[in-house]
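Taken together, the values in this text are just the output of simple stated rules run on the coordinates, not laboratory data. If you're wondering where the values come from, they're calculated on a predicted model, not measured in any experiment. For neighbour counting, all protein chains shown are included, and Cβ atoms are generated from backbone atoms with ideal geometry for every residue, glycine included.
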Number of protein chains: 2
Amino acid sequence: MYNVIHTMMEREETRIFHDYLKRTRLKHTAQRDLILDVFLDTEDHVSSEDLYHLVKVKDPTVGFTTIYRTLKLLVECGLARELEFHDGRMLYEHEYKHTHHDHLICTQCGRLIEFYDEQIESLQDDIVRRYGFKSLRHSHRIFGICAECQQAEKDAEKVGHHAVALTN
Amino acid sequence: MYNVIHTMMEREETRIFHDYLKRTRLKHTAQRDLILDVFLDTEDHVSSEDLYHLVKVKDPTVGFTTIYRTLKLLVECGLARELEFHDGRMLYEHEYKHTHHDHLICTQCGRLIEFYDEQIESLQDDIVRRYGFKSLRHSHRIFGICAECQQAEKDAEKVGHHAVALTN
DNA sequence: CTTAGTGCAAACCGTTTGCAAATGC
DNA sequence: GCATTTGCAAACGGTTTGCACTAAG
């Protein structure tokens, strides 16, 4: 019931999507609207599978395939950004009105930390210019261990030492 | 025949690999030696499949699996670096005595251009420090169209215009 | 009523794994 | 001889595709 109400108070993103569909002569369907809506309700990063499960809750008849195909449309119309995760999966994040950023990726817990550095961005522009390259997008990922996992590691070590002390 | 001679004049990398095998109590096999040797003879970037075919020429009995498993060992002992390509495949490049660098990737022809920027590297260090992150590796890729493909595009456009002019 | 979208199942593709036989040490 | 490695075939996992059916415009 409140699904209907929810879609009534049209978000700016919905309008962008509908315009895009019209412009490219694609059809406006209930599934596409639902998927966009569920995507907009997420925070941070979702995988296609995450989104599939979230959509399933609201309409269990929607298939995998439609999720993938719709996510692609969202990327094309600038509402979503694709991000290659650490294990090869794709993650999706909001793109509209979100400033560009890159990621620190914890290889232990999968946590994503966003960073942005003006200087790096402009140095990138220099590099691209130097090679006569036409830059379309970039992916700057730093892999490592986040502060929390480092702490957890240290804690585990302590416990380990205790255990050794006790068993000796 | 000259395979034997070739392996006789042992490269520094071969020694590193053998040391690594000994250290980790892994076995020294003809396949592993051959794969390393073929890998060292490549330039730039090879996919596992590229390497598989190159190895096949010298010994057609070697299987896929051994290539994959050996490449992993080469990464572990610091002789090879894994690079996520544009389409999800992995590429391998020489790591030993090769300075670190990142890549411009042409999404049209797949060309890889290496770049290195000291300032970006040190800005990265700053960022990592700011978040208490322990950096293990990074992947900085700029996707776009290389100078050659841009030129080719322009040339194609010209031809296109001619064609239109002629058919009109 | 024409064209595009949907859901399903099957295909895909690079990579990984289980296993029996072969090999290093 | 014991453990590791090999090559094969089959499994995997995320994504894509072919197709008959349904729905949008």
Once you keep just the Cα pairs under 8 angstrom separated by 6 or more residues, what percentage relative contact order results for the stretch B:15-147?
19
Treating the angle as unsigned and between 0 and 90°, give the value, to the nearest 10°, between the Cα long axis of helix B:147-167 and the longest Cα principal axis of chain B.
40
Could you tell me how many degrees, from 0 to 90 and to the nearest 10, lie between the Cα long axis of helix B:30-41 and the main elongation axis, the longest principal axis, of the Cα atoms of chain B?
40
Rounded to the nearest 10, the angle in degrees between the Cα long axis of helix A:48-58 and the longest principal axis of the Cα atoms of chain A comes to 60
GNM of chain A, Cα pairs under 10 angstrom: of A:LEU79, A:LEU34, A:LEU123, the biggest fluctuation goes to A:LEU123
If I take every Cα pair under 8 Å that is 6 or more residues apart in the stretch A:71-163, average their sequence separation and divide by the length, what percent do I get for the relative contact order?
23
Average beta-carbon neighbours from other chains, 10 Å sphere, peptide B:126-133
6
Peptide B:141-151: average number of partner chain Cβ atoms within 10 Å per residue?
5
Those cysteines in chain B that have no second cysteine Cβ within a distance under 4.7 Å are B:CYS77, B:CYS109, B:CYS149
Cut-off 20 Å, label point 7 angstrom out along Cα-to-Cβ of B:HIS18: give me the residues of the stretch B:73-111 whose amide nitrogen falls inside.
B:73-80, B:96-97
For the stretch B:62-139, what is the Kirkwood estimate of the hydrodynamic radius, computed as the reciprocal of the mean inverse distance between distinct Cα atoms, to one decimal in Å?
14.6
In what sequence do B:TYR92, B:TYR68, A:TYR131 fall when counting other Cβ within 10 Å, fewest first?
B:TYR68, A:TYR131, B:TYR92
Restricted to Cα positions, what overall size does the protein assembly as shown have along the principal axes? Three whole-Å values, descending.
80, 73, 43
Can you pull the three principal axis extents for the Cα set of chain A, in Å, largest first?
72, 52, 26
Assigning unit charges at the beta carbon (Lys, Arg +1; Asp, Glu -1) and nothing else, what dipole magnitude in debye, to the nearest 20, does chain B show about its Cα centre?
800
Roughly how many debye, to the nearest 20, is the charge dipole of the stretch B:69-145 about its Cα centre, given +1 on each Lys and Arg Cβ, -1 on each Asp and Glu Cβ, and no other charges?
300
Looking only at chain A, where both bridge partners belong to it, what percent of the DSSP beta bridges are antiparallel (to the nearest 5)?
75
